[in-house]
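First comes the structure, then the notes that go with it.
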Amino acid sequence: MPSKLNAYLLSAVMLVALMRCALGAPTALTESPAGDPSGDEAQEEVEEKPSDAVKAWIYAVSTLSRHEQDFEAEFHHDHKYNILDQYTIAWLPKDCPSNNNKEACLQWLAKGLYTYTAVLKYVAKEYPNQRIFTVAERDNLIQHIKDKMRHPEHVTALTSSQEEQLLRDIDRPTLYNRKMTAHSILYMFRHFLIGGQRQFRKWEQPRRSLTNKGITPVTYQTLKR
């Protein structure tokens, strides 16, 4: 009886071994570490360094990096920065309209730069020591915009009479309102520049890597027998 039992057990072990060979080694679902370049599934586009155009927008934004601190310090923290939302000038550009195509958005950005450099003269008048975005810096951004346009000839500067009209439109009678208007211009200009930087990044890097989107690549590994 024991010999028959041993024979049955031996046969069962051999059958299991044959079945494993026939089916092949089992596989297990594993997650690769984020950013692991190994495997076909993990071959992702590497984000390149910022172009000269993007760097120019980054620099432009940096010129206003201390505006929030300077504003709150001037008013002894009685005013929070977001109070400037109440003083925004409706016709100053802020974000490229979502229904604009690339060409239209580029033209919109160029027009916005010309508009802001005109009204920044108002800021310079109220705050002579304020670091003001220069015409040379504007022209540098304008050139990067034109380089991306199919019809750069559509970009035109404002006339002197147009600039004078803009300055008249934003003039305020009281000292307090003039200061708040000047800060509102800087506040909106910073938002505009951040939006321009975002647009250029999107156009130059239309596809982000899976890792940068927070997606963990999935690969299959063969288990060792």
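The values are calculated or read from the model by the stated rules, or taken from the named source; none is laboratory data. This is a predicted model, so every value here is computed, not measured. As a convention, Cβ positions derive from the backbone with ideal geometry for all residues, glycine included, and neighbour counts pool all protein chains shown. Protein only, heavy atoms only, side chains kept; ligands, DNA and RNA dropped before computing areas. Shrake-Rupley method; radii C 1.70, N 1.55, O 1.52, S 1.80 Å.
Here the gap between residue 198 and residue 100, fully extended at 0.36 nm per residue and compared with their Cα-Cα distance, gives a gain of 33.8 nm. Within a straight-line Cα-Cα reach of under 13 Å, residue 49 can be paired with the following aspartates and glutamates, leaving aside sequence neighbours fewer than 8 residues apart in one chain: 204. Which entries in 102/125; 55/102; 146/202 show an alpha-carbon gap greater than 24 Å? Long pairs (Cα-Cα over 24 Å): 102/125.
Largest first, the residues 181, 156 sort by 1.4 Å accessible area into 156, 181. The distance between label points at residue 157 and residue 49 comes to 3.3 nm (points 7 Å beyond Cα on the Cα→Cβ vector). For region 57-95, the residues whose amide N sits under 20 Å from a probe point set 7 Å from the Cα of residue 143 along the beta carbon direction are 57-63. Simple spin-label estimate for residue 59 and residue 83 gives 3.5 nm between the two label positions (7 Å along the Cα-to-Cβ direction from each Cα).
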